[in-house]
Amino acid sequence: MLSRVADSLFWLGRYTERAENYSRFIDVNFNLSMDLPPGMAEQWQPLIAATGDEKRFLELYDGYSRENAIKFLAFDKENDNSILVSVTKARENARQIRESVSKEIWEVLNDLYHFMNNAVKRSAWKSLDPDQFKQIKYKLQLLQGIGYDTSPRTQGWYFNKLGQFLERADKTSRILDVKYHVLLPSVEEVGSPLDFLHWSALLKSVSGFNAYKKLYGKIEPSNIVEYLVLNVYFPRSIFYCLTEAEKCLHEISDAKRGYSNPAEKAIGTLRSELEYADINDVFKYGLHEYLDQLQRRINDISTAVYEQYFKIQPNFATQAQDQ
């Protein structure tokens, strides 16, 4: 497969996953703000922090109001990671490789692109209606479902899924890290009804609340961390995402066992460490430090994928310049 096509499919997976994550985060935080006790300030700053774009937000806005946060996260063209920009980039990647995506995928993605631009025209961030983010989420989930049913399981499929799972692992680690260290800074609030609300919102933001309750019952921070980091079966746990991403890399390289390139080695090493990790060891190491290390290593895996499959090799670049 041409590296150009593989690169576009990889980023199509990442951008659509990023847009879906942002839409579900905003939707859950929107509903959480309605459940907060009277007089309790809405907490949009942690959500901004979770994206890693807080510095850019402060360059563009004066305060963490609901309107500012929603505009920045969803509709701002000046935010390179907003839903609008992610959908626009996903559509552009799909446009460049129209022969590699089904007609149905293109139609749904194109419809979402126009939906987002129409939302910008009507200043949708001023609306108090959270249903618009449910619509965005459902359109993106429809996109995933159509892709699952219409895409042949060739290298292109696995590059797309590789991007999706790496993005999902990164976002799960970020939203968990911010909840634990920013959202409830007061020790007195630990175990309070407000604490319960926030942990429940965290699980809902990854669509894991009902499944978690069936497995653990009570809302316990250590169990939630274990579920989101180490669980073998939950599709948004970091371990699950890395396991699936590793399978994608093996399918791409046709490696039957072990590793055949630095990207496979890096992800296999991290996956095996998580497989044998214990939640007590995670807390002993320090949850923030542990998650921060995970984020860096996931970024290193993405860099290794780029170096292995997408980077134009010097000899090709030189040849192009000589022509």
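When residues of region 200-256 are filtered for being modelled with pLDDT of 90 or more, of a type in the set (Lys, Arg) and assigned to a loop (DSSP other than H, G, I, E, B), how many remain?
Total meeting the criteria: 2.
For residues in region 79-96 being part of a loop (DSSP other than H, G, I, E, B) and without any contact (Cβ under 8 Å) to a residue 40 or more places away in the chain, which is nearest to the chain's Cα centre (by Cα)? Full working, then the answer.
Going residue by residue through region 79-96, those that are part of a loop (DSSP other than H, G, I, E, B) are 79-82.
With without any contact (Cβ under 8 Å) to a residue 40 or more places away in the chain added as a condition, the list becomes 79-80.
On the way: Asn79: 16, Asp80: 14 Å.
Ranking the qualifying residues of region 79-96, first place goes to Asp80.
Mind counting the residues in region 119-143 that are in contact (Cβ under 8 Å) with a residue 24 or more places away in the chain and of a type in the set (Phe, Trp, Tyr)? Even if it seems obvious, please write down each step before you answer.
If we filter region 119-143 for residues that are in contact (Cβ under 8 Å) with a residue 24 or more places away in the chain, which is where we start, we get 119-120, 124-126, 130, 133-134, 136-137, 139-143.
This time we only want the ones that are of a type in the set (Phe, Trp, Tyr), so: 125, 133.
Residues in region 119-143 being in contact (Cβ under 8 Å) with a residue 24 or more places away in the chain and of a type in the set (Phe, Trp, Tyr): 2 in total.
State yes or no: is Lys71 in a loop (DSSP other than H, G, I, E, B), of a type outside the set (A, V, I, L, M) and modelled with pLDDT of 95 or more?
On the way: in a loop (DSSP other than H, G, I, E, B): no; of a type outside the set (A, V, I, L, M): yes; modelled with pLDDT of 95 or more: yes.
Criteria not met by Lys71.
State which residue is surrounded by the fewest Cβ atoms within 10 Å (Cβ to Cβ) when the search covers only region 264-284 and only residues that are of a type in the set (Gly, Ala, Ser) and in a helix (DSSP H, G or I). Explain how you work it out, then say what you get.
Keep residues of region 264-284 that are of a type in the set (Gly, Ala, Ser), which gives 266, 268, 272, 277.
Checking the rest, the ones that are also in a helix (DSSP H, G or I) come to 266, 268, 272.
Numbers: Ala266: 21, Gly268: 18, Ser272: 12.
Residue satisfying both the conditions and the ranking: Ser272.
What are the pairs, 6+ residues apart or on separate chains, where a residue within region 189-213 that is closer than 11 Å to Arg236 by Cβ has its Cβ under 9 Å from a residue that is of a type in the set (Gly, Ala, Ser) and modelled with pLDDT of 80 or more?
Leu203/Ala211; Val206/Ser237; Gly208/Ser237
Being touching a Lys or Arg at 6+ places or on another chain (Cβ under 8 Å) and crowded, with 19+ Cβ neighbours inside 10 Å is the requirement here; does Asn21 meet it?
Working: touching a Lys or Arg at 6+ places or on another chain (Cβ under 8 Å): yes; crowded, with 19+ Cβ neighbours inside 10 Å: yes.
For Asn21, the condition - touching a Lys or Arg at 6+ places or on another chain (Cβ under 8 Å) and crowded, with 19+ Cβ neighbours inside 10 Å - is met.
Could we say that Gly163 is buried (at least 19 other Cβ atoms within 10 Å of the Cβ), touching a residue at least 60 places away in the same chain (Cβ under 8 Å) and touching a Gly at 6+ places or on another chain (Cβ under 9 Å) here? Spell out the reasoning first.
On the way: buried (at least 19 other Cβ atoms within 10 Å of the Cβ): yes; touching a residue at least 60 places away in the same chain (Cβ under 8 Å): yes; touching a Gly at 6+ places or on another chain (Cβ under 9 Å): yes.
Yes; evaluated as a whole, the condition is true for this residue.
Could you please let me know if Ala69 is assigned by TED's automatic domain parsing to the domain that holds Arg122 and in contact (Cβ under 8 Å) with a residue 60 or more places away in the chain? Outline the logic, then answer.
Numbers: assigned by TED's automatic domain parsing to the domain that holds Arg122: yes; in contact (Cβ under 8 Å) with a residue 60 or more places away in the chain: no.
Considered against the rule, which asks whether it is assigned by TED's automatic domain parsing to the domain that holds Arg122 and in contact (Cβ under 8 Å) with a residue 60 or more places away in the chain, Ala69 comes out as no.
Quick one: Leu287 ticks every box in (1) over 23 Å from the mean Cα position of the chain (by Cα); (2) surrounded by 17 or more Cβ atoms within 10 Å (Cβ to Cβ); (3) in contact (Cβ under 8 Å) with a residue 24 or more places away in the chain bar one, so which box is it?
(1)
Name the one entry in Asn210, Asn261 that is over 19 Å from the mean Cα position of the chain (by Cα), closer than 21 Å to Arg153 by Cβ and either in the same structural domain as Ala19 (by TED's automatic domain parsing) or surrounded by fewer than 21 Cβ atoms within 10 Å (Cβ to Cβ) (or both).
Numbers: Asn210 fails: closer than 21 Å to Arg153 by Cβ.
Just a single option satisfies the conditions, and that option is Asn261.
Which is in a helix (DSSP H, G or I) and in the same structural domain as Leu228 (by TED's automatic domain parsing), of Glu167, Glu104, Glu99?
Glu167
The values are calculated or read from the model by the stated rules, or taken from the named source; none is laboratory data. No experiment lies behind these values; they were computed from the predicted model shown. FYI the Cβ positions are ideal-geometry reconstructions off the backbone, even for glycines, and counts take in every protein chain you see.
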